[in-house]
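Trainee: Let me begin by handing over the structure; questions about it come next.
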Amino acid sequence: MSLKITEKTWSAETEKRILQEWRINNIYNYPLNDEINEKNFVIDTPPPYPSGRPWHIGAAAHYSQIDMIARFARLKGLKVVFPIGIDRNGIPVEMHTEKKYKIRMRNTERREFLKLCKITLDETENEFIEILASLGLSANFDEKYQTDSSTYRAFTQSTFIDMWNRGLIYLGNRPNNYCIDCGTTIADAEINYLDIETKLVYLKFYSKQIDNYITIATTRPELLFACQAVIVNPDDERYDNLQDTLLKIPLFDREVKVIPHLSVDKSFGSGAVMICSYGDLNDVQLFRELGLQEIVSIDMNGRTTEAAREFSGLKIKDARTKIIEELTNRGLVEKIETIIHRTPVCERSKTPIQIISLEDYYLKQVDMKSELLNQSHTMKFYPEMHRQILTNWIKSVAIDWPISRRRYYGTEIPIWYCTKCHTPNLPKPGKYYRPWEENPPFEHCSSCGNDKFEGEKRIFDTWMDSSVTPLFVSKFYKDKQFFDKSYPAALRPQGKDIVRTWLYYTMLRCVYLTDQIPWEGAWIMGYGVDEKGEKMSKSKGNVIDPLPLIKKYGADAFRFWSASETNVGYDFRCSELKIQGAQKFLSKLWNIGRFISNFEIIEENNKPQVLNPTDKWILSELSNTISKCLEGYEEFNFFIPANTLREFTWNVFAAHYIEMIKGRAYNKELEENRKSALYTIHKCFKTILLLLEPLCPFISYELWIKIYENKEIITNQRKIPMVDNEYDSFIPSTQDIIKFNSEIWNKKKTTISEITKKPLSLKDPIHTTIPRELEPFSDDLVTMHNIIRE
Ligand SMILES: [Zn+2]
Ligand SMILES: [Zn+2]
């Protein structure tokens, strides 16, 4: 007998060699058999944004778990399509490039700026792909797609042209969220809320009616000159005699009407509210409802307009300071309070949002709300509790989606305008178009026949690109046979923070384009938080970079930690100590494998006619383990198989079973009994490796190859372990066995030998009785503990 495994420990270094082997043999990128009419298991992998180091440990855990989904599906024998894309469009890369080259996008020539963005992306992307690969992701890296490639952008443009032709897109000039720093309209879904300290200024509005003033509290005194009405609650007795009278705007001396409106909260400020164009989206609503005339107050550069008279051309902050100063000087301020105000800010630049009227393209979504709600019911959520985030968001949608952006690095809107009649002319779908620098692919205006055009300069909101991933990966427009087998995708795995954007927008777009919800299920992961349970952020300085940890402990230890720590959908705490704990389990597994590699393999077809009761008992426990693991796997909740496997392998199989059969496994005199043990020990260990493979692919692969040699089983041609209830009657013995063994070990530890004057060793004989319920296992127990029966 010789050890098939000579290495005494499992080393993270081994992973590198295995990775190389996988790459050379291309084992995860096997061709899908087109002949078989079976649905593909398509994972709509989130295309990561190559943000550069440090990467977020939560994101590394997220991608590790998406790989577990893919590997489990393969274990079930499904045809897995596991694409990998890189999200490369949008404002973050522009901001990063501006910072890196110390330039401003708007002062840089467009072509030059785009070139620099691309360089920035390429640099970070390569490193990023390496991290993903080193985590053991079994994705299709060879066909990696990039959302800024001409193929992908042509795809985005085609879907736009498709929707345009169906009348789903319109040009609207309406007040909308605008970020001064990003210089573009942004959608509601891209807004965050921050509690910001601000001044609540109580202003004096003079009324002829009462020959006195009333106070109006506002956080936006700089918009005073754009005030067009004051509203009060009709039930507010303080203003009974003022309804429908006029008030004079302080400083600007224009008069506005006092209008009763039920939306006013009597208890906030003075109970009277000035309505300006525009303090927030509520003002927009009121302007429309009350038929008020808009006064443009802030321009696209974030400065006050002419309407502000002597305060024009100022940045918002400066205008506020100056106007408050002047109001104070003239005695028009009653008091100023400092309050914490929940302020809408741009998700990216954290700049407070302004409401500005601009012409933008909109994709209809308000009309789709009930359709989307209905369709969303057909989708399974993992876990179910996160369905609510989507439902709440769909219900809250109040305006159509503005999809045009005044930025550079993104997919161009494929439109050329006729210089004569201004009709938008769209090209045929299929190619990538850059109207800002290219001539149109047609000669005459579809409306007036003119032959001169001006290309659109704007690009799409980046969610327009990422919201068609399930269509792109299933080859919509391109390969009907593949598409029919691949759509709807099996699963959309994603983070909980982008339900209202990525999940929602993808649903909207795909339902429009295919009349079908794009996935069978959505798997929503929580956040990785720090050891204290606090959210990690670069500004707090508590971000854990996963790369050094992966290098130190290995991908498998990292993956096993992530699986055993994360209950699907819930936030999870990240700590090095726990990863170290995961590594200990892998060392234990290695040692078990090393020991088992001693023994001859008895295959299923040579299974002994009669199995020893101890073997039947562990097989009952094994079956129980399989059943629990599969239950967790089916829910993509890796917490369950990780903890179940660790418990079984370490605390039952290794601690008790192996100890009990050691004697029998070496005893050639009782051949049938020996074979029963060898058959069982390998059956258990093979099953452990197969069940563990989705979580820890490296060590499972290595142990399998070293002991069982056949590569096929652990890679492509997988077989899911079956639950076998044949020995279920032995399950109750587990507790009795553990109890008995522990008692004997304890007794030996606490008994001092009369000869050596030291505690008994495990091999020393001991006088004891074996309880009746353990009688079937008595032979193994006697040998194991060297029992002298009383
Ligand atoms: Zn911004
Ligand atoms: Zn024309």
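The values are calculated or read from the model by the stated rules, or taken from the named source; none is laboratory data. Quantities reported herein were computed from a predicted structural model and do not represent experimental measurements. Glycine gets a Cβ as well: all are built from the backbone with ideal geometry, and neighbour counts include every protein chain shown. SASA here: full protein model, heavy atoms, side chains in, ligands and nucleic acids out. Shrake-Rupley method; radii C 1.70, N 1.55, O 1.52, S 1.80 Å.
Trainee: I'd like the FRET efficiency for Q209 and E359, computed as 1/(1 + (r/R0)^6) with the beta carbon distance as r and R0 of 60 Å, rounded to 0.05.
Mentor: 0.90
Trainee: Here's another thing I want to ask about it. How long is the gain from T305 to I788 if the chain were fully straight, where each residue apart is worth 0.36 nm and the alpha carbon distance is subtracted?
Mentor: 163.9 nm
Trainee: Next up: Which angle between 0 and 90 degrees, to the nearest 10, do you get for helix 110-134 versus the longest principal axis of the chain when only C-alpha atoms count?
Mentor: With both axes taken from Cα atoms, the answer is about 20 degrees.
Trainee: What is the helix-to-structure angle for 150-165, meaning the angle in degrees between its Cα long axis and the longest Cα principal axis of the chain, kept from 0 to 90 and rounded to the nearest 10?
Mentor: 50
Trainee: Could you work out the Rg to Rh ratio of the chain, with Rh taken as the Kirkwood radius (inverse of the mean 1/r over all Cα pairs)?
Mentor: Rounded to two decimals, Rg over Rh is 1.10.
Trainee: Going by amide H atoms built from the backbone, whose H comes under 5 Å of the H on R254, apart from near neighbours?
Mentor: Those lying under 5 Å, H to H, from R254 are I249.
Trainee: Continuing with this model, one more query. Based on the alpha carbon coordinates of the range 185-354, what radius of gyration and maximum Cα-Cα distance (Dmax) apply, in Å?
Mentor: 15.7, 49
Trainee: Leaving out ligands and nucleic acids, and using a 1.4 Å probe, what accessible area per residue does the range 182-286 come to in Å²?
Mentor: Heavy-atom SASA per residue in the range 182-286 reads 41 Å².
Trainee: Same structure, new question: What whole-number distance in Å separates the alpha-carbon centres of the range 322-400 and the range 650-697?
Mentor: The range 322-400 and the range 650-697 have Cα centres separated by 60 Å.
Trainee: Next up: With a cut-off of at most 13 other beta carbons within 10 Å, and DSSP calling the residue loop, which chymotrypsin sites (Phe, Trp or Tyr not before Pro) in the range 208-282 qualify? Please list them. The partial results should precede the final answer.
Mentor: Working: sites: Y213, F225, Y239, F252, F268, Y278; in loops: F252, F268, Y278.
Answer by residue number: F268.
Trainee: At a 1.4 Å probe radius, carbon and sulfur cover how many percent of the accessible area of the range 414-457?
Mentor: Answer for the range 414-457: carbon and sulfur cover 47 percent of the accessible area.
Trainee: While we're on this one: Quick one: check the C-alpha center-to-center distance for the range 538-602 versus the range 177-242, whole angstrom.
Mentor: So the separation of the two Cα centres works out to 54 Å.
Trainee: Still on this structure, please answer the following. Bin width 5 Å, alpha-carbon pairs only: give the P(r) of the range 735-789 as whole percents, running from 0 to the bin holding the largest distance.
Mentor: With a bin width of 5 Å, the distribution comes to 4, 19, 33, 23, 12, 6, 2.
Trainee: Something else: Keeping every protein chain present and rolling a 1.4 Å probe, give me the accessible area per residue for the range 414-457 in Å².
Mentor: On the way: 2660 Å² over 44 residues.
Solvent-accessible surface per residue comes out at 60 Å².
Trainee: Let me ask another. Given 0.36 nm per residue, what is the gain on full extension from R254 to N667 after removing their alpha carbon distance, in nm? Show your work: numbers first, answer last.
Mentor: Values: separation 413, 0.36 × 413 = 148.68 nm, distance 10.48 nm.
This chain segment gains 138.2 nm when fully extended.
Trainee: Provide the per residue accessible area, probe 1.4 Å, for the range 462-516, rounded to a whole number of square angstrom.
Mentor: Per residue, the range 462-516 has an accessible area of 28 Å².
Trainee: In whole Hz, what ³J(HN,Hα) sequence does the range 77-93 give by Karplus (6.51, -1.76, 1.60; θ = phi - 60°), x for Gly and Pro?
Mentor: After applying 6.51 cos²θ - 1.76 cosθ + 1.60, I find x, 7, 7, 8, 10, 10, x, 10, x, 10, 7, 10, 9, x, 5, x, 5 Hz.
Trainee: Now for a different question. Would you please give the residues with an amide H less than 5 Å from that of Y433, counting only those at least 5 places away or on a separate chain, with H modeled from the backbone geometry?
Mentor: Amide H neighbours of Y433, under 5 Å, 5+ apart: none.
Trainee: Describe numerically, in nm with one decimal, the distance between label points set 7 Å from Cα along Cα→Cβ at D240 and at I103.
Mentor: Roughly 6.8 nm, to one decimal.
Trainee: Write out the GluC sites (Glu not before Pro) in the range 593-640 meeting two conditions: DSSP loop, and at most 12 other Cβ atoms within 10 Å of their Cβ.
Mentor: E600, E603
Trainee: Let me ask something else about it. Could you check the spin-label model distance between R110 and I336? Points 7 Å from the Cα along Cα→Cβ, value in nm.
Mentor: With each label placed 7 Å out from Cα toward Cβ, I get 4.3 nm.
Trainee: From the phi angles alone, apply the Karplus equation (6.51, -1.76, 1.60; θ = phi - 60°) to the range 363-374 and give each ³J(HN,Hα) in whole Hz, x where the residue is Gly or Pro.
Mentor: Running phi through 6.51 cos²θ - 1.76 cosθ + 1.60 with θ = phi - 60° gives 9, 4, 9, 4, 5, 9, 3, 6, 4, 5, 4, 4 Hz.
Trainee: Of the heavy-atom accessible surface of the range 338-400 (probe 1.4 angstrom), what whole percent is carbon and sulfur?
Mentor: 53
Trainee: A further question on this structure: List the residues whose amide H sits under 5 Å from the amide H of V529, counting only those 5 or more places along or on another chain, with H placed 1.01 Å from N in the peptide plane.
Mentor: Long-range HN contacts for V529: F572, R573, C574.
Trainee: So what is the relative contact order for the chain, in percent, with contacts set as C-alpha pairs under 8 Å and at least six apart?
Mentor: Contact order relative to length: 16 percent.
Trainee: Counting pairs of alpha carbon atoms under 8 Å apart in space and at least six apart in sequence, what relative contact order in percent does the range 190-263 give?
Mentor: For the range 190-263, the relative contact order is 29 percent.
Trainee: Along its three principal axes, how long is the range 56-208 when you only count alpha carbons? Whole Å, largest extent first please.
Mentor: 82, 42, 35
Trainee: Something else now. E437 to I196: FRET efficiency via 1/(1 + (r/R0)^6), r the Cβ-Cβ distance, R0 35 Å, to the nearest 0.05?
Mentor: It comes out at approximately 0.30.
Trainee: Could you order peptides 463-473, 496-506, 560-570 by the average number of other Cβ atoms within 10 Å of their residues, highest first? If you can, show how the numbers build up before the last one.
Mentor: Working: 463-473: 25.4, 496-506: 20.4, 560-570: 22.8.
Result, highest mean first: 463-473, 560-570, 496-506.
Trainee: Could you compute the net charge surrounding C448? Neighbours are other residues with a C-beta less than 15 Å from the C-beta of C448; K and R count +1, D and E count -1.
Mentor: Net of charged neighbours comes to -1.
Trainee: With everything on Cα atoms, drop me the angle between helix 504-514 and the longest principal axis of the chain, reported from 0 to 90° to the nearest 10.
Mentor: 90
Trainee: Calculate what fraction, in whole %, of the accessible area of the range 141-229 sits on carbon and sulfur atoms when a 1.4 Å probe is rolled over the protein chains.
Mentor: 40
Trainee: For the chain, what is the percent of antiparallel DSSP beta bridges, rounded to the nearest 5? The partial results should precede the final answer.
Mentor: On the way: 56 of 81 bridges.
Approximately 70 percent, going by the DSSP bridge assignments.
Trainee: Another question about this same structure. Positive end of the dipole of the range 273-361, charges at C-beta (+1 Lys, Arg; -1 Asp, Glu), about the Cα centre: which of A307, G279, T338 has its Cα farthest in that direction?
Mentor: Farthest along the dipole direction, towards plus: T338.
Trainee: Give me the dipole magnitude in Debye, nearest 20, for the chain about the Cα centre, with unit charges on the beta carbon: positive for Lys and Arg, negative for Asp and Glu.
Mentor: 1500
Trainee: Same structure again: What nm distance separates the two modelled labels at N542 and D162, each placed 7 Å from Cα along Cα→Cβ?
Mentor: In this crude spin-label approximation the distance works out to 4.4 nm.
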